[in-house]
Amino acid sequence: MIYLKTPEDMKQMQAACDLVSRTMGEVARWIEPGVTTLKLDTIAREFIHDNGGRPACLGYGGFPATLCIEVNETVVHGFPSNYSLREGDIIGIDTVVELNGFNGDMCYTYAVGEIDPEIMKLLVTTKESLYKGIEAAQPGKRIGDIANAVQTYCERRGYSVVREMCGHGIGRKMHEDPEVPNYGRRGIGPVIKNGMCFCIEPMINMGSRNIVIERDGWTCRTKDRKPSAHFEHTLGVWDDETHIMTTFDYIQEALGERFI
Ligand code: MF3
Ligand code: CO
């Protein structure tokens, strides 16, 4: 069941989305060779707490951390660790903040130092596909229109779309209906309308779309160990318009020239 939000709910959603966006900006300052992913997790957790929020991933279904860490071939749901980032790595950071009972969810994939131009192309295409999905997410359209826009954009450029994981509705819970897949047919699925909040989060692979879940039960990586990229925004629909509620502006501020 899709829970529609009132204008008051939307204000709370916006506050949660602002906090998760600012959290990502704080973390972005630290992305460089040598930093451990555990350090990034601590920065995020403390920032969220200092600002009255709750790290919603921590403890969710037993997930042990504030941030999902996605280095190179990790697709989603990796754990922070004492691994130090290396020049040439990519790292997706995905997190959810709960504030006053509502959740904001976003993800950004960063380059660590100089990276292979082919991998940079994967990052740029994945990010662009998120915005293609957002363009398709207008009121009156259907969830399948988003899915098809993302899939078409990525596959035309030679990349593959992870199918096992999807975007999702969001609100008082991190995951609500509807599911928002990154592949599928236009014109199918729920109609997008005022009061809806949902996340679009393409997970795009350089090689095959196949994934493997590691023995920890969470870490999802590409089967062929080629890189995977992931970007996510939380969206809200009101006044017959779709609004991007999270922002990459703080990340841009932190990265300067390095922002893609
Ligand atoms: N954006 C991720 C998702 O929607 C956040 C996962 S948090 C976790 O799946 F706790 F489930 F890891
Ligand atoms: Co999400």
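The values are calculated or read from the model by the stated rules, or taken from the named source; none is laboratory data. The structure displayed is predicted, hence computed values, not measured ones. All Cβ positions, glycine included, derive from the backbone under ideal geometry; neighbour counts span all protein chains shown. Accessible surface areas use protein heavy atoms only, side chains included; no ligands, DNA or RNA. Shrake-Rupley method; radii C 1.70, N 1.55, O 1.52, S 1.80 Å.
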Candidates Glu70, Glu87, Glu98 - the one that is in contact (Cβ under 8 Å) with a residue 24 or more places away in the chain, outside any helix (DSSP H, G or I) and either among the small types (Gly, Ala, Ser) or away from ligand 2 (no atom under 16 Å from the Cβ) (or both):
Glu87
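I'd like the residue in the stretch 94-140 that is among the charged types (D, E, K, R) and within 16 Å of ligand 1 (Cβ to nearest atom) and, out of all such residues, is farthest from Cys57 (Cα to Cα).
Here is the first cut: in the stretch 94-140, the ones among the charged types (D, E, K, R) are 94, 98, 105, 114, 116, 118, 121, 127-128, 132, 135.
Subsequent filtering for residues that are within 16 Å of ligand 1 (Cβ to nearest atom) retains 94, 98, 105, 127.
Details: Asp94: 9, Glu98: 9, Asp105: 10, Lys127: 23 Å.
Filtering the stretch 94-140 for residues that are among the charged types (D, E, K, R) and within 16 Å of ligand 1 (Cβ to nearest atom), the one farthest from Cys57 (Cα to Cα) comes out as Lys127.
For the subset of the stretch 103-154 comprising residues that are part of a strand (DSSP E or B) and either open to solvent by 10 Å² or more (accessible area, probe 1.4 Å) or more than 25 Å from Gly236 (Cβ to Cβ) (or both), which member is nearest to ligand 2 (Cβ to nearest atom)? Explain how you work it out, then say what you get.
Filtering the stretch 103-154 down to residues part of a strand (DSSP E or B) leaves 103-111, 142.
Within this subset, residues satisfying the condition of being either open to solvent by 10 Å² or more (accessible area, probe 1.4 Å) or more than 25 Å from Gly236 (Cβ to Cβ) (or both) are 110-111, 142.
Working: Tyr110: 17, Ala111: 22, Arg142: 20 Å.
Step by step, filter the stretch 103-154, then rank; the result is Tyr110.
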Name the pairs: first residue in the stretch 34-50 and assigned to a loop (DSSP other than H, G, I, E, B), second residue crowded, with 19+ Cβ neighbours inside 10 Å and among the aliphatic types (A, V, I, L, M), Cβ to Cβ under 9 Å, at least 6 apart or on different chains?
Gly34/Leu85; Val35/Leu85; Val35/Val112
Number of the exception - Asp224 against (1) of a type in the set (Asp, Glu); (2) touching a Gly at 6+ places or on another chain (Cβ under 7 Å); (3) under 21 Å from Phe79 (Cα atoms); (4) within 16 Å of ligand 1 (Cβ to nearest atom):
(4)
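Given the options Gly25, Gly61, name the one that is of a type outside the set (A, V, I, L, M) and within 14 Å of ligand 1 (Cβ to nearest atom).
Gly61
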So, Gly62, is that one under 20 Å from Leu38 (Cβ atoms), away from ligand 2 (no atom under 16 Å from the Cβ), among the small types (Gly, Ala, Ser) and surrounded by fewer than 22 Cβ atoms within 10 Å (Cβ to Cβ) or not?
yes
Take the stretch 230-247 and flag every residue that is in contact (Cβ under 8 Å) with a residue 60 or more places away in the chain and more than 15 Å from ligand 2 (Cβ to nearest atom).
Val237, Trp238, Asp240, Glu241, Thr242, Thr247
For the stretch 1-46, which positions are hydrophobic (A, V, I, L, M, F, W, C) and out of contact with any helix residue (DSSP H, G or I) (no Cβ under 9 Å at 6 or more places or on another chain)?
Met1, Ile2, Leu4, Met10, Met13, Ala15, Ala16, Cys17, Val35, Leu38
Cys166 vs. criteria surrounded by 24 or more Cβ atoms within 10 Å (Cβ to Cβ), among the hydrophobic types (A, V, I, L, M, F, W, C) and either touching a residue at least 12 places away in the same chain (Cβ under 8 Å) or touching a Leu at 6+ places or on another chain (Cβ under 8 Å) (or both)
no
Looking across the stretch 185-206 at residues that are open to solvent by less than 20 Å² (accessible area, probe 1.4 Å) and not in a strand (DSSP E or B), the single one that is nearest to ligand 1 (Cβ to nearest atom) is Glu201
Can you pull out the residues in the stretch 212-260 that are assigned to a strand (DSSP E or B), farther than 26 Å from Val97 by Cβ and open to solvent by 20 Å² or more (accessible area, probe 1.4 Å)?
Val212
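Looking only at residues that are among the aliphatic types (A, V, I, L, M) and touching a residue at least 40 places away in the same chain (Cβ under 8 Å) in the stretch 141-163, which one is nearest to ligand 1 (Cβ to nearest atom)? Before you say what the answer is, go through the steps one by one.
Residues of the stretch 141-163 among the aliphatic types (A, V, I, L, M): 143, 146-147, 149-150, 161-162.
Subsequent filtering for residues that are touching a residue at least 40 places away in the same chain (Cβ under 8 Å) retains 143, 146-147, 150, 161-162.
On the way: Ile143: 15, Ile146: 15, Ala147: 16, Val150: 15, Val161: 16, Val162: 12 Å.
Going through the qualifying residues, I end up with Val162.
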